[in-house]
Amino acid sequence: MRSKIAGIGYYVPEKVVTNDDLSKVMDTTDEWIQERTGIQQRRYGKKHQETTTTMAAAAARIACERAGIQPEDIDFIVFATLSPDYYFPGCGVLLQRELGITQREAGALDIRNQCSGFVYALSIADQFVRTGTYKNVLVVGSEMHSMGLDFSTRGRNVTVIFGDGAGAAIVQPSDDPNRGILATKLHSDGTYAEKLAFINPGAHGGYHFNKMGEATDFGFPPEDTYGEIFITPRMIETGQYYPNMEGQFVFKLAVQKFPEVIHEALKEAGLQASDINMLIPHQANLRISQFVQKILGLRDDQVWNNIQRYGNTTAASVPIALCEAWEAGKIKEGDLVCLAAFGSGFTWGSALIRW
Ligand code: ACO
């Protein structure tokens, strides 16, 4: 049995924030941002009104409607985000409550795989559906980055990249064995976990020793006491509660891993890059997507890019782009669609879908 995407939806908040808007609060320029990333603007959710969960619910309702089901028909939720409403519990159960479907007591699972979160989530849904465990799995990627970014010049290399939004899909059994999810490939390598990370607050307590005995100093002294080292005044004073990224390091790995994992899925399905009708790359940086397009030999109309309008929405970027491409009529029945993502962890993955 195969699984298929029976309905998709996305939601982006109304508020548009341009590069010029950012240049008013930090030392950056529209020219720098566009040249390095392709981003022209991004959306920010309404502070104290919208959250990662409420945006996810908006996208999920559209996906349900398009799949011809009611939210109460959902058997299982897989929620991918790096910007959850709470440290715990995860957004999966919050979404269940937001959709008003707690009576059903369906399962909810949270995925912490950052940019590749949606591809991982889709793969999990695929396994559940193919094994006959569930009939309607809601897969969501949603991010409210704007609440957790450093809007001073110190944070400019990260802050200008990210935006808010949500995308959702309903995964169901496919009645046609030739249509649906053909292959998913997932990978990770934790060697460089701190190269792109949001480290504080955390349970590392100041120092973390890796298995080689090397200490990673997170910028505050180790202490013998428990509790108060989770969030320290020093962490707040030095602003060490924001994401950090070694951009060039990430870039170099991304351009290598994207093509690799796409080829791996194609090989498993007995297909070639030239068979792809639409590539939906995670919207990390327009330059990365253009590089991948070139390596795969695809035309401009075979790759969907929307980073110009939304920035990098991490776990939401793939489903938003997929939904936009579908709504624009660029994905038709029988088309071969390829999803691919790479990000923090590092984790990366791909999915091939016969639409
Ligand atoms: N505005 C102006 N100048 C800036 C800005 C900014 N917003 N940000 C950094 N700079 C400066 C730096 O300080 C540096 O100045 P210096 O030369 O005087 O030291 C200079 O610009 C170059 O900085 P780099 O970081 O080397 O710039 P780079 O060309 O690498 O571009 C970028 C940075 C856009 C982040 C790029 O490296 C990139 O896109 N990397 C990949 C990101 C990615 O794919 N992330 C994965 C997904 S995210 C996730 O998983 C959560």
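The values are calculated or read from the model by the stated rules, or taken from the named source; none is laboratory data. Since the model is a prediction, treat every value here as computed from it, not as a measurement. Here the Cβ is made from the backbone with ideal geometry for all residues, glycine too, and neighbour counts use every protein chain on show. Remember, those area values only see protein heavy atoms, side chains included, never the ligands or the DNA or RNA. Shrake-Rupley method; radii C 1.70, N 1.55, O 1.52, S 1.80 Å.
Residue-wise test of (1) part of a strand (DSSP E or B); (2) at pLDDT below 95; (3) touching a Leu at 6+ places or on another chain (Cβ under 9 Å).
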{"residue": "Gly132", "(1), (2), (3)": "no, no, no"}
{"residue": "Lys135", "(1), (2), (3)": "no, no, no"}
{"residue": "Ser146", "(1), (2), (3)": "no, no, no"}
{"residue": "Ala168", "(1), (2), (3)": "yes, no, yes"}
{"residue": "Gly202", "(1), (2), (3)": "no, yes, no"}
{"residue": "Thr225", "(1), (2), (3)": "no, yes, no"}
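Taken together, the residues in the range 7-21 that are surrounded by fewer than 21 Cβ atoms within 10 Å (Cβ to Cβ) and among the aliphatic types (A, V, I, L, M) amount to 2.
Cβ-Cβ contacts under 7 Å between residues 6 or more apart (or on different chains), taken from a first residue in the range 176-194 that is on the phi > 0 side of the Ramachandran plot to a second residue that is modelled with pLDDT of 95 or more and open to solvent by less than 80 Å² (accessible area, probe 1.4 Å), are listed as Gly180/Arg2; Gly180/Ser3; Gly180/Lys4; Gly180/Ser174; Gly180/Ile353; Gly180/Arg354.
Scanning the range 160-175 for residues that are closer than 26 Å to Phe128 by Cα, open to solvent by 10 Å² or more (accessible area, probe 1.4 Å) and touching a residue at least 40 places away in the same chain (Cβ under 8 Å) yields a total of 3.
The sole residue among Asn157, Asn113 that is open to solvent by 50 Å² or more (accessible area, probe 1.4 Å) and assigned by TED's automatic domain parsing to the domain that holds Val16 is Asn157. The single residue among Arg112, Arg130, Arg156 that is among the basic types (Lys, Arg) and away from the ligand (no atom under 15 Å from the Cβ) turns out to be Arg130.
May I ask you to verify whether Leu82 is in a loop (DSSP other than H, G, I, E, B), touching a residue at least 24 places away in the same chain (Cβ under 8 Å) and open to solvent by 50 Å² or more (accessible area, probe 1.4 Å)?
Taking the combined requirement at face value, the residue satisfies it.
Reported count of residues in the range 336-355, each being open to solvent by less than 30 Å² (accessible area, probe 1.4 Å) and outside any strand (DSSP E or B), is 3.
For Gln308, the test of being closer than 24 Å to Ser142 by Cα and open to solvent by 20 Å² or more (accessible area, probe 1.4 Å) is passed.
Candidates in the range 133-146 are the residues that are more than 23 Å from Gln308 (Cβ to Cβ) and of a type outside the set (Val, Ile, Thr); of these, the one that is nearest to the ligand (Cβ to nearest atom) is Leu138. Residue pairs whose Cβ atoms lie under 7 Å apart, separated by 6 or more positions or on different chains, with the first residue in the range 47-69 and farther than 12 Å from Tyr11 by Cβ and the second modelled with pLDDT under 95 and among the small types (Gly, Ala, Ser), do not occur.
Tallying residues that are farther than 14 Å from Gln256 by Cβ and within 22 Å of the chain's Cα centre (by Cα) within the range 290-304 yields 5. Checked against (1) at positive phi; (2) within 15 Å of the ligand (Cβ to nearest atom); (3) not polar (S, T, N, Q), Gly334 passes all but a single condition, namely (2). In this structure, Val318 qualifies as modelled with pLDDT of 95 or more, touching a helix residue (DSSP H, G or I) at 6+ places or on another chain (Cβ under 7 Å), within 16 Å of the ligand (Cβ to nearest atom) and not in a loop (DSSP other than H, G, I, E, B). The number of residues in the range 291-305 that are buried (at least 16 other Cβ atoms within 10 Å of the Cβ), assigned to a helix (DSSP H, G or I) and either at pLDDT below 95 or not aliphatic (A, V, I, L, M) (or both) comes to 3.
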